[in-house]
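Data first, discussion second: the structure below is written as structure tokens.
The values are calculated or read from the model by the stated rules, or taken from the named source; none is laboratory data. This one's a predicted model, so the numbers in the text were calculated from it and none came from an experiment. Virtual Cβ from ideal backbone geometry, glycine too; neighbours counted across all protein chains shown.
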Amino acid sequence: MSGRDDPPGARKAGQVKQVTSFSNPLVKDIKALIAQRKHRQRTGRFVAEGLKLATDALAAGWEVDMLAIGPEARDSATAREVAAMARARGATILEVSTPVLAAMTRRDNPQMVVGVYGQKTLPPGSLRAAIAARPDAVWVALDQVRDPGNLGTIIRTADAVGAAGVMLVGETTDPFAVEAVRATMGSLFHVPLVRLQRAEFREIAQAWPGTVVGTHLKGSSDYRTITYARPALLLMGNEQSGLPDEMAEACGALARIPQAGQADSLNLAVATAVMLYEIRRTDLAL
């Protein structure tokens, strides 16, 4: 995986710093990581809020660069243990007040732990090996998804069904934006991501050993009637325009989800969940 990914224990123990000023450079850094995609791209880091996500990140072996902990965290045995583990792996621990936490996250009721982590994505060159390693798996591909909340929810759903990974095709929104990270509820740390250009995706789809299925309003097949040969690849279009013709042509089947009411379409994250659970229906004990 790309990004800074030192093995646990390879870095020196981090420092503990008490931060009281809203203008402290480290506070400004965290604010910039939340607000600016360019800063996240330049530094290769991102922010995730909450003790659960800090625990998930450490358990999954992700690099923890900083943990900002508020007064409630310093009173929590679990939070102190997480902070100690992060510090042992080289993270800087910032002891801050609740107002400073609120300022850096722009939330009136901030989480008691705010973490800064190193980004991870699979390099495109390793994707073929990852597919071959999981011949019975399900993969999700998202073409130019725009809404970070939808993206985060889809990553969480992919985790729930045991999908092997999520392909982010074209100009898909940043999975490390704070809104997307919040929506994953920690699944970001468990689901491999890979960024691809459309041409790269079409090459992969052309050689795909199982079923490649996309959803389309003009899809000819009810999604419940399709045989999803493994490995299965589900391609979903963006919220506004769905799948363009050039991407729909990469699919072996185009599915439709019948609707009984007056709505002309489903929310993207909901439609993806419907498809994923149908694909995995015979494998999951629901």
* To do: Kindly provide the set of residues from segment 90-121 that are of a type in the set (D, E, K, R) and at pLDDT 95 or above, ordered by number.
  => E95, K120
* Asked: Got a sec? Which helices (runs of 4 or more DSSP H) wholly within segment 3-119 have at least 3 residues that are farther than 21 Å from L193 by Cα, in contact (Cβ under 8 Å) with a residue 12 or more places away in the chain and not assigned by TED's automatic domain parsing to the domain that holds D159?
  -> 25-35, 71-74, 77-88, 98-105
* To do: Look at D56 and say whether it is farther than 24 Å from V191 by Cβ and not polar (S, T, N, Q).
  => no
* Asked: When both residues are 6+ apart or on different chains and their Cβ atoms are under 6 Å apart, which pairs have a first residue that lies in segment 122-149 and is modelled with pLDDT of 95 or more, and a second that is of a type outside the set (V, I, T) and assigned to a helix (DSSP H, G or I)?
  -> V140/A158; D143/M247; V145/L151; P148/E179; P148/A180; G149/E179; G149/A183
* Structure fact -> Of R256, R230, the only residue that is surrounded by 13 or more Cβ atoms within 10 Å (Cβ to Cβ), closer than 26 Å to R128 by Cα and among the charged types (D, E, K, R) is R230
* Asked: What are the residue pairs meeting all of these: first residue in segment 246-263, first residue over 8 Å from Y223 (Cα atoms), second residue of a type in the set (S, T, Y), Cβ atoms under 7 Å, and 6 or more apart or on different chains?
  -> G252/T211; A253/T211; A253/S221; L254/S220; L254/S221
* Which of the residues spanning segment 187-206 are assigned to a loop (DSSP other than H, G, I, E, B) and either modelled with pLDDT under 95 or crowded, with 20+ Cβ neighbours inside 10 Å (or both)? -> V191
* Identify all residues within segment 214-245 that are under 17 Å from L266 (Cα atoms) and in contact (Cβ under 8 Å) with a residue 60 or more places away in the chain; write none if there are none. => T215, L234, L235, M236, G237, N238, E239, Q240, L243
* Residue within segment 75-97 that is buried (at least 19 other Cβ atoms within 10 Å of the Cβ) and among the hydroxyl-bearing types (S, T, Y) present -> no
